[in-house]
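Values quoted throughout were computed directly from the atomic coordinates according to the rules given, and no laboratory measurement underlies them. Treat the numbers as computed from the prediction; the structure is a model and nothing was measured. No Cβ is skipped: glycine too gets one built from the backbone with ideal geometry, and neighbour counts run over all protein chains shown.
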Amino acid sequence: MSISMKSAESAQRDINKNKVKKGLAVVLGLISVLTFFFLPYIRFVFKNTTYIVSGFQLATVKGFRVQGPELSGLVTIPLLTRISVIAGALMAIAGIVLLLCKKPALAGAAYVISGITPLIVLITTSNIQTAVTQLNISKITIDYLWPAIYVLIAGIVCSVLSLWTQGTERLAESIFLVFSCVSVGSVIMITVYIFAAGAPAIMKIGLGHFVLGTQWNAEAQLFGILPLILSSIAGTIGAIVLGVPIGILTAVFLAETAKPRVAKLVHPAIELLAGIPSVIYGFFGMLVIVPAIRNFPPFQNNTIGDSLLAAILILAIMVLPTIVSVTETSLKAVPQAYREASLALGATPTKTIFKVSIPAARSGILAGVILGVGRAIGETMAVIMVAGNVANMPSLLGTVRLLTTGIAMEMSYASGLHREALFAIGLVLFVFIMIVNISFTYISKRGVQMDAE
Amino acid sequence: MPSSSLYGKKKRSSDTVLKILINAAAAITVITLLGIILYILFNGVPYISWSFVSTAYSETNDKLKGILPMIINTMYIVVITLLISAPIGISSAIYLTQYAKQGRLVKAIRFTTEVLSGIPSIIFGLFGYTVFCILFRLQTSILAGCLTMSLCILPTIIRTTEESLLSVPSNYKEGAMALGAGKLRVVMGIVLPCAMPGVLTAVILAMGRIVGESAALLFTSGLSYNMPKGFFQQIFASGRTLTLHLYQTAREAASPDAMHIAFATAAVLLILVFLLNRLAGLLSRALRKG
């Protein structure tokens, strides 16, 4: 009897708690809406004129008349800014209504959207900044006043509160879910922004001229990246040709032939190799490999040392740990019975390794090689220090510029079309990497299926 | 004698060659590694001194050639990046291992995590520059660098945490559930504490990546070497990390003295990365034992 009374009591307490959460969410949401209508949202200072605007005004006013030193004009507010400000208020209202209609999950979503809108406003008002700069006003500040920050925080708090009315378990699950969507969201964002930033230059220059053009000269506005693409490909192929045999044989050593005691010593070495920062590889290459190439008797008068060869050597070292660790894992996954069967048939241990273990592990090894290709194409800082960075067609002893180094070299001072062209290089690199990535996923999946058979 | 054909060692020349090749490859790998490490340490360690790690840096003043600002910047970036990325990454791993049912969303999360780990850091740098520096108006600042880096290390954290969460025996969970604990209670009270060494390993691995990263920070956190004045002032200002300092000093080095600075910075960096690597190794061994 007393137990049931107690549970009834605690149920009553739960209902009361829920009422508090619900009430708080509604009140905070209402304040958020009121903030939007009546409180200053954003402050623009154009040289001497200051505008303080509420969210409602930001959505309805056409623009600001701005007096520049030479020109004056109407700076319009971007449509997206208007939409997002209105959406902020509407979503807060929607959240309140949904919460009162007992749809807490939907209310939570609406509140979150309302909370994000100040960030979208922040992003979209950068158009205003560029518009004003075109009127020759250099000093502009755009400040977000505390109500904008309030909307942001209130949106998140309200959404947590309204999800909480369904119980702590549901709230926790929703929070975990939202966080795990961050990686999905960021990949989408990265794809969108890399395309948005890179596409304009390709449009202006023309895809053919850009990808197949052989001249890169920023002063002459010549932006052909064929030398960069070919150098990147040559560097990657060279690194793979050198790195893969050594990597696979090292993995064979670790997984098959080495005594356990020796393997225990070598294994951490591979991990260390993977952990060394790429700048240190570049530094080492700059001080050891480059002079070695310069002073190597057969090359002596043909090269200054900074060359494709130096880049290949450094990249080969850098892809080693990737290839070794993936190959080792897949060799260790080969069933012991295969080896025993081969040995029982009279094959020597070495023959068993090359005719049985390696073929059985080939999809894993291929995945490792592709991963290595991805690393080699994307490597920047090590290569920049040894490759010489002149946009020549690739030749083994000549200076080269790769896609990655092309971006990193000139980004700090580029402007206008030049800068857009650098973003376009980023886009080309991104496309390369995506092809590599997707083929890696495909092959490693096929490997898993084969293992299952 | 018949026994000779069974037990006598019949050497084959191809076998010997292949064996030599295998050992040679392993030797090349180890010697390369040792060569790099010893070269850097041998040339760098003699120039590391207390004043080197405790003074500010200036390109013009010969008395100010320390790396204190870079150490502080690196620390800021490590701490803030982990504060952003660790909760997100650990929550993702918890969701993927404890809550998610196989479905489209889980597939999408796994696929994008894989894609994210394959994207080169220079692309992260470009993205961070367009989004965090320009669109969010953070300029080149440490905060922009941190936001960029937190995307870079997200896959590392998610994957390593996931592995350690999966290694928790399911009868621990079942026991707790049988005692009437709710799912959240089980996850937070049983699974996560049991997987703690693995989670810490993930965090330390991520720290190693942040310390070693350079391309993603080149345009986002910038190259300024001013002495940090205060935490909040500094995170909105540009600042170079140890890696970028090494890059910049090595490229601009004209005199032997400047080269010494680069060597010493490289040695500090290498030692730092080793310590983190060692710590991660010890922790993961503890996990395997526990």
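Seen from all sides and averaged, what is the projected area of the convex hull of the Cα atoms in segment B:1-138, in nm²?
Its average projected convex-hull area is 19.8 nm².
Where a ≥ b ≥ c are the square roots of the eigenvalues of the C-alpha gyration tensor, would you call segment A:78-130 rounded, which needs a/c under 1.5, or, failing that, prolate if a/b is larger than b/c, or oblate?
prolate
Give the shape of segment A:169-247 as rounded, prolate or oblate, defined through the alpha-carbon gyration tensor: a ≥ b ≥ c are the square roots of its eigenvalues, a/c under 1.5 means rounded, and otherwise the shape is prolate if a/b is larger than b/c and oblate if not.
Because a/c hits 1.5 or more and a/b fails to exceed b/c, segment A:169-247 counts as oblate.
Over all alpha-carbon pairs in segment A:2-166, figure out the percentage whose distance exceeds 23 Å.
When every Cα pair of segment A:2-166 is considered, 47 percent fall beyond 23 Å.
Helix A:260-275 versus the longest principal axis of chain A: what is the Cα-based angle in degrees, 0 to 90, to the nearest 10?
Helix A:260-275 sits roughly 50 degrees off the main axis of chain A.
When the helix-only estimate is applied to chain A (DSSP H runs of n ≥ 4, each -39,500 (n - 2.57), divided by the residue count), what is the mean residue ellipticity at 222 nm, nearest 500 deg cm²/dmol?
-23500 deg cm²/dmol
What translational diffusion coefficient, in µm²/s and rounded to a whole number, does the Stokes-Einstein relation yield for segment A:217-274 at 4 °C and a viscosity of 1.567 mPa s, taking the hydrodynamic radius as the Kirkwood radius over Cα pairs?
Roughly 90 µm²/s, to the nearest whole number.
Using only the C-alpha atoms of segment A:77-218, find the volume of their convex hull and express it per residue in Å³.
Measuring per residue, one finds 153 Å³ for the Cα hull of segment A:77-218.
At q = 0.13 Å⁻¹, what is the log10 ratio I(q)/I(0) for chain B, with the Debye formula run over Cα points and no solvent?
-0.99
Which whole-number percent of Cα pairs in segment B:158-251 have a distance greater than 15 Å?
Every Cα pair in segment B:158-251 considered, those over 15 Å come to 70 percent.
What is the order of B:174, B:163, fewest Cβ neighbours within 10 Å to most?
Placing the least packed residue first, the sequence is B:174, B:163.
With a 10 Å Cβ neighbour count serving as the proxy for reagent exposure, in which order, fewest first, do B:133, B:152 appear?
Going from sparsest to densest Cβ surroundings: B:133, B:152.
What is the ratio of the Cα radius of gyration of segment A:244-330 to 2.2 N^0.38 Å, where N is its residue count, to two decimals?
Rounded to two decimals, the normalised Rg is 1.30.
Note the angle between two axes, namely the Cα long axis of helix A:416-452 and the longest principal axis of the Cα atoms of chain A, as a number of degrees from 0 to 90, rounded to the nearest 10.
Long axis of A:416-452 versus the principal axis of chain A: about 70 degrees.
Against the longest alpha carbon principal axis of chain A, how many degrees, from 0 to 90 and to the nearest 10, is the axis of helix A:2-38 turned?
Compared with the principal axis, the helix lies near 80 degrees.
With the convex hull built on the Cα atoms of segment B:105-155, state its orientation-averaged projected area in nm².
Computing the convex hull of the Cα atoms and averaging its projections yields 3.6 nm².
Report the equivalent ellipsoid semi-axes for segment A:302-453 in whole Å, largest first, defined as the square roots of five times the eigenvalues of the gyration tensor built from alpha carbon atoms.
Equivalent ellipsoid semi-axes, largest first: 41, 19, 9 Å.
Over the Cα atoms of segment B:68-146, Rg to Rh with Kirkwood Rh, two decimal places?
1.07
Counting every Cα pair in segment A:216-363, what percent are over 19 Å apart?
65
How big is D for chain A, in µm² s⁻¹ as a whole number, if Stokes-Einstein is applied with the Kirkwood radius of its Cα pairs at 4 °C and 1.567 mPa s?
47
Counting just the Cα atoms, what span does segment A:16-91 cover along each of its three principal axes? Round to the nearest Å and put the largest first.
That gives 65, 22, 12 Å along the principal axes, largest extent first.
Around residue B:65, under 15 Å between beta carbons, what's the net of Lys plus Arg minus Asp minus Glu among the other residues?
Around residue B:65, the surrounding residues sum to -2.
Stick to Cα atoms and the Kirkwood definition of Rh, then tell me Rg/Rh for segment A:355-407.
Rg divided by Rh gives 1.21.
Structure shown: which of A:62/A:139; A:22/B:183; A:259/A:355; A:332/B:19; A:19/B:183; A:139/B:63 lie over 30 Å apart, alpha-carbon to alpha-carbon?
A:139/B:63
Springs between alpha-carbon pairs under 10 angstrom, Gaussian network model over chain B: which of B:80, B:90, B:122 fluctuates most?
Residue with maximal mean-square fluctuation among B:80, B:90, B:122: B:122.
Fewest to most neighbouring Cβ within 10 Å: what's the order for B:101, A:47?
Listing B:101, A:47 from fewest to most nearby Cβ atoms yields B:101, A:47.
Which number comes out as Rg/Rh for segment A:368-445 once both Rg and the Kirkwood Rh are worked out on C-alpha atoms?
Here the Rg-to-Rh quotient is 1.03.
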